[in-house]
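The values are calculated or read from the model by the stated rules, or taken from the named source; none is laboratory data. None of these values were measured; they are calculated from a predicted model. Positions of Cβ are generated from backbone atoms using ideal geometry, with glycine treated the same way; all protein chains shown enter the neighbour counts. What goes into the accessible areas is simple: the full protein's heavy atoms, side chains included, and nothing from ligands, DNA or RNA. Shrake-Rupley method; radii C 1.70, N 1.55, O 1.52, S 1.80 Å.
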Amino acid sequence: MARILITSALPYINGIKHLGNLVGSQLPADLYARYNRGRGHEVMFLCATDEHGTPAELAAAKAEKPVAEYCAEMHAVQTDIANRFGLSFDHYGRSSSPQNHALTQHFAGKLAEAGLITEVSEKQVYSNTDGRFLPDRYIEGTCPNCGFEKARGDQCEECTKQLDPTDLINPRSAISGSTDLEVRETKHLFLRQSAMRDQLDQWIDSKKDWPILTTSIAKKWLHDGDGLQDRGITRDLDWGVPVKNGDQDWPGMEGKVFYVWFDAPIEYIAAAGEWAEAKGLGDDAWQRWWRTDKGAEDVKYVQFMGKDNVPFHTLSFPATILGSGEPWKMVDHLKSFNYLNYDGGQFSTSQGRGVFMDQALELLPADYWRWWLLSHAPESSDSEFTWENFQQSVNKDLADVLGNFVSRITKFCRSKFGEEVPAGGAWGEQEQALIDELTTRIGAYERHMEAMEVRKSAQELRAIWVAGNEYLQSAAPWSMFKTDPERAAAQVRLGLNLIRLYAVLSAPFIPEASDRLFAALGTEDRSWPEDVAAALAALPAGHAFTVPEVLFAKITDEQREEWQDRFAGVRKD
């Protein structure tokens, strides 16, 4: 039994996330977590809301609520939606937790001890209208690199280039829209990332199995132009982790907080501490996942994220961990994703464009969305959501292939043998050929899942469903029953056991449908099919079942057109 630690990138607290956010981190992480639990491994799957920094303050101001109250409310909303999407977090924490405050301050103290933090006087934009400094996301303007007119002061969403607020063309306050800005001097702490470039370079070189997308982004930041730059880790804000050197005050840093990108990844670790506290467990319970001197040396740690988060997870967070000089668990595999686009444009939280998680669940149950998103995951390149493709995939894969198989075999059995697994007959060449094919395909499915090849896993799972349909079509028990009811009984018995097999294999992708199949079959035997022949005899003759309701309803043309029109603009609420 392996021990696998899984984290997905922390979603910002500022509103409900769209489907592009979901498929870029949380959903494939959940797929991997569910698969490994299904194989009997010990899994710790952690995520949290990212609650500090400008987006939280701006969103709270817009909602006319104190920022702490707004964050608490939105954490509850995001937790509810995650649960309804079947995201099986062991803990869904909050970066504003006491655990994250203490750990962030601890890491800053260790980095200072190691000489990796320096105090810098820098020029920063000050808004006379707002009466405050405007760090990073408080400033919008035109990107000097690609010309995108709504670039933020820390990064351009369009081209992903890292920016400083003073780089923007025609800058304006994101709070008031004012252009009455001036540059003033302020002091901040910087993490000396440049001093760790060689160490980070060697560490990244040691990751031979990382996706090319991940390593190419990291290498570009390390070596392009002037190479890896030192990074400011404090901000002039009210909301965040107060700047401290461990548990001591930091002279000259009064009233400042740590930059959200410094404290957010530390929340991965803090979330485990929150989990232990919620369970009434001691520090050993979470440290065995995160400290190599406390049992984490045998843990495999996998991170999931969109490509825009790669620089911080391959460079800034590792610089924090390595620079501390303490035995923290480093990431073993970083699975990054490209973007999911929406109907000819981009999904955008800030612009309300696309389908958002709560809206999706108003239209259809989570499994419809889970299947489409995972089977079209943007791994090797960006992918695009279109309503036509969504309708086609749901109708063909879920309704025609899987749903149709379940319906045909259960209804036929009920009509000819009653609602129990029929006795009699024996397997022949057809059945052995199916077992051989399934053995090969399940092996391929396992390899793709272990390699985190999401689309290939989905393709193989669909092929496993198709194999059952093809067997049923060629065996034709409805015809066989007329001449050899014993043989037909054996075919139906195999078919009913195939449903259980499908429920086991499909659970990581479509957990709700899988649960419904287990319930209909009257079994909780979710054991993985290590031996396909044995798995296809798991439900014995005489075992009672019920015919399930329609597993997946088809999407009509009228529904598709209505949804296409409804989501053609931007979200209004």
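Please identify the pairs in which a residue from region 34-49 that is in contact (Cβ under 8 Å) with a residue 40 or more places away in the chain has its Cβ atom under 7 Å from the Cβ atom of a residue that is hydroxyl-bearing (Ser, Thr, Tyr) and assigned to a loop (DSSP other than H, G, I, E, B), counting only partners at least 6 apart or on another chain.
Qualifying pairs under 7 Å: ARG34/SER88; PHE45/SER88; ALA48/SER95; THR49/SER95.
Answer yes if at least one residue in region 358-366 is surrounded by 20 or more Cβ atoms within 10 Å (Cβ to Cβ), farther than 30 Å from TRP286 by Cβ and modelled with pLDDT of 95 or more, and no otherwise. Quick ask: steps written out before the conclusion?
Kept after step one, since they are surrounded by 20 or more Cβ atoms within 10 Å (Cβ to Cβ), are these residues of region 358-366: 360, 366.
Next cut, farther than 30 Å from TRP286 by Cβ only: 360.
Checking which are modelled with pLDDT of 95 or more leaves us with 360.
Within region 358-366, one or more residues are surrounded by 20 or more Cβ atoms within 10 Å (Cβ to Cβ), farther than 30 Å from TRP286 by Cβ and modelled with pLDDT of 95 or more.
Could you pull out the residue among ALA114, ALA72 that is open to solvent by 30 Å² or more (accessible area, probe 1.4 Å), of a type in the set (A, V, I, L, M) and over 21 Å from THR234 (Cα atoms)?
Only one candidate passes the filter, namely ALA72.
Under 7 Å between Cβ atoms, which residue pairs at least 6 apart in sequence (or on different chains) link something in region 15-31 that is within 14 Å of ASP367 (Cβ to Cβ) with a partner that is modelled with pLDDT of 95 or more and among the charged types (D, E, K, R)?
Filtered contacts from region 15-31: LEU27/ARG370.
When you check ALA218 against the structure, is it small (Gly, Ala, Ser) and buried (at least 18 other Cβ atoms within 10 Å of the Cβ), yes or no?
In short, yes.
Out of the residues in region 404-427 that are in a loop (DSSP other than H, G, I, E, B) and in contact (Cβ under 8 Å) with a residue 24 or more places away in the chain, which is nearest to LEU539 (Cα to Cα)?
Top of the filtered list is VAL421.
Which count do you get for residues in region 399-432 that are under 20 Å from THR523 (Cβ atoms) and either modelled with pLDDT under 95 or open to solvent by less than 50 Å² (accessible area, probe 1.4 Å) (or both)?
12
Among the residues of region 551-573 satisfying the criterion of being among the hydrophobic types (A, V, I, L, M, F, W, C) and loosely packed, with under 11 Cβ neighbours inside 10 Å, which is farthest from TYR445 (Cα to Cα)?
Applying the filter and picking the extreme gives VAL570.
If you check ASP209 against the conditions, is it surrounded by fewer than 17 Cβ atoms within 10 Å (Cβ to Cβ), in contact (Cβ under 8 Å) with a residue 60 or more places away in the chain and more than 24 Å from ILE117 (Cβ to Cβ)?
Answer is yes for this residue.
Tell me, please, whether a residue that is within 26 Å of LEU87 (Cα to Cα), open to solvent by less than 60 Å² (accessible area, probe 1.4 Å) and outside any loop (DSSP other than H, G, I, E, B) can be found in region 527-542.
no
Do we find a residue being open to solvent by 10 Å² or more (accessible area, probe 1.4 Å), over 21 Å from VAL260 (Cα atoms) and assigned to a helix (DSSP H, G or I) anywhere in region 38-47?
The initial filter retains those residues of region 38-47 that are open to solvent by 10 Å² or more (accessible area, probe 1.4 Å), namely 38-43.
Next, from what is left, pick out any that are over 21 Å from VAL260 (Cα atoms): 38-43.
Retained after the next criterion (residues that are assigned to a helix (DSSP H, G or I)): 38.
Checked against the condition, which is being open to solvent by 10 Å² or more (accessible area, probe 1.4 Å), over 21 Å from VAL260 (Cα atoms) and assigned to a helix (DSSP H, G or I), region 38-47 yields at least one hit.
Can you name every residue in region 49-69 that is closer than 16 Å to ALA271 by Cα and either open to solvent by 30 Å² or more (accessible area, probe 1.4 Å) or not in a strand (DSSP E or B) (or both)?
Passing the criteria: GLU51, HIS52.
What tally of residues in region 388-398 results from selecting those that are crowded, with 20+ Cβ neighbours inside 10 Å and either over 24 Å from ARG516 (Cα atoms) or among the aliphatic types (A, V, I, L, M) (or both)?
Going through region 388-398 one residue at a time, the tally reaches 2.
Within the bounds of region 453-460, is there any residue that is within 23 Å of ALA544 (Cα to Cα) and either in contact (Cβ under 8 Å) with a residue 60 or more places away in the chain or open to solvent by less than 60 Å² (accessible area, probe 1.4 Å) (or both)? Explain how you work it out, then say what you get.
If we filter region 453-460 for residues that are within 23 Å of ALA544 (Cα to Cα), which is where we start, we get none.
There is no residue in region 453-460 that is within 23 Å of ALA544 (Cα to Cα) and either in contact (Cβ under 8 Å) with a residue 60 or more places away in the chain or open to solvent by less than 60 Å² (accessible area, probe 1.4 Å) (or both).
Show the residue pairs meeting these rules: Cβ distance below 8 Å; 6+ apart or different chains; first residue within region 140-153 and under 15 Å from ARG172 (Cβ atoms) and modelled with pLDDT under 95; second residue open to solvent by 60 Å² or more (accessible area, probe 1.4 Å) and among the hydroxyl-bearing types (Ser, Thr, Tyr).
Going by the 8 Å Cβ cut-off, the qualifying pairs are LYS150/SER350.
Kindly indicate whether SER25 is outside any loop (DSSP other than H, G, I, E, B) and modelled with pLDDT of 95 or more.
yes
Mind telling me which of the residues TRP239, TRP286 ends up being open to solvent by 10 Å² or more (accessible area, probe 1.4 Å) and modelled with pLDDT under 95?
TRP239
Only residues that are open to solvent by less than 50 Å² (accessible area, probe 1.4 Å) and within 32 Å of the chain's Cα centre (by Cα): list them for region 118-142, please.
LEU134, PRO135, ASP136, ARG137, TYR138, ILE139, GLY141, THR142, listed by residue number.
Given the structure, is GLU267 charged (D, E, K, R) and open to solvent by less than 30 Å² (accessible area, probe 1.4 Å)?
yes
Quick check on PHE337: is it over 30 Å from MET480 (Cβ atoms), modelled with pLDDT of 95 or more, open to solvent by less than 10 Å² (accessible area, probe 1.4 Å) and not β-branched (Val, Ile, Thr)?
no
Condition first: on the phi < 0 side of the Ramachandran plot and surrounded by 15 or more Cβ atoms within 10 Å (Cβ to Cβ). Now tell me which residues in region 149-160 satisfy that.
LYS150, ALA151, ARG152, GLY153, ASP154, GLN155, CYS156, GLU157, GLU158
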